[in-house]
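One structure below.
The values are calculated or read from the model by the stated rules, or taken from the named source; none is laboratory data. The structure displayed is predicted, hence computed values, not measured ones. Positions of Cβ are backbone-derived with ideal geometry, glycine not excepted, and every protein chain shown enters the neighbour counts. Note: accessible area is taken over every heavy atom of the protein model, side chains too, but ligands, DNA and RNA are not part of it. Shrake-Rupley method; radii C 1.70, N 1.55, O 1.52, S 1.80 Å.
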Amino acid sequence: MGKRRKLRRPTEKRREPASPWLIRWHGLTGVYIVFLTLLLWLPDPRALLWSWEPSEGVVGYAHLITFTLLGLMVELGRRKKSHWTWFGILVFYAFFTECVQHFLPIRTFDLMDLAQDTLGLALGMTAGHGMKKLSTRLWSLVMSH
């Protein structure tokens, strides 16, 4: 007698295993979040990143740039949770890191930083969503010919 196969209910969805690409993407996003948290909590993150003195324009948009990249990475790796759920989680992360900065020497809670974080997340996640839609359309065009 052979092995008996477990019968699935017709309503059960078959789970597809995560692709190795997606697992690597999640790992990269996790490393980036740790790196970003370290930057946000260091007394002077510029000392770690730049051996040269950056222009004030670059420093002024640091939160916007780093959180745009975070939003893009999370959106491109997102599978199960909705776009808005992840956006809420990341805005909470931004708020939490700003609150922790209030208790660190030399750092302060800054609403402008929080606004840049939120705008960066919105821009990054929107760009990631658009990239996923575009790649799906391009893939369907390639496969149809």
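I'd like to verify a number: residues in the stretch 62-101 that are part of a loop (DSSP other than H, G, I, E, B) and closer than 14 Å to residue 39 by Cα, how many?
Count: 0.
Sort through 141, 119 and tell me the only one that's assigned to a helix (DSSP H, G or I), open to solvent by 70 Å² or more (accessible area, probe 1.4 Å) and touching a Leu at 6+ places or on another chain (Cβ under 9 Å).
119
Given the structure, is residue 62 within 21 Å of the chain's Cα centre (by Cα), of a type outside the set (Val, Ile, Thr), modelled with pLDDT under 75 and open to solvent by less than 90 Å² (accessible area, probe 1.4 Å)?
No; evaluated as a whole, the condition is false for this residue.
From the list 108, 126, pick out the single residue that is polar (S, T, N, Q) and either in contact with a Pro (Cβ under 9 Å, 6 or more places away or on another chain) or within 16 Å of residue 45 (Cβ to Cβ) (or both).
108
Specify which of the listed residues (104, 123) is under 18 Å from residue 36 (Cα atoms), out of contact with any strand residue (DSSP E or B) (no Cβ under 9 Å at 6 or more places or on another chain) and at pLDDT 90 or above.
Sole residue among the options that is under 18 Å from residue 36 (Cα atoms), out of contact with any strand residue (DSSP E or B) (no Cβ under 9 Å at 6 or more places or on another chain) and at pLDDT 90 or above: 123.
Considering each residue of the stretch 18-41, count those that are modelled with pLDDT of 85 or more and either open to solvent by 50 Å² or more (accessible area, probe 1.4 Å) or touching a helix residue (DSSP H, G or I) at 6+ places or on another chain (Cβ under 7 Å) (or both), and give that number.
Total satisfying the criteria: 13.
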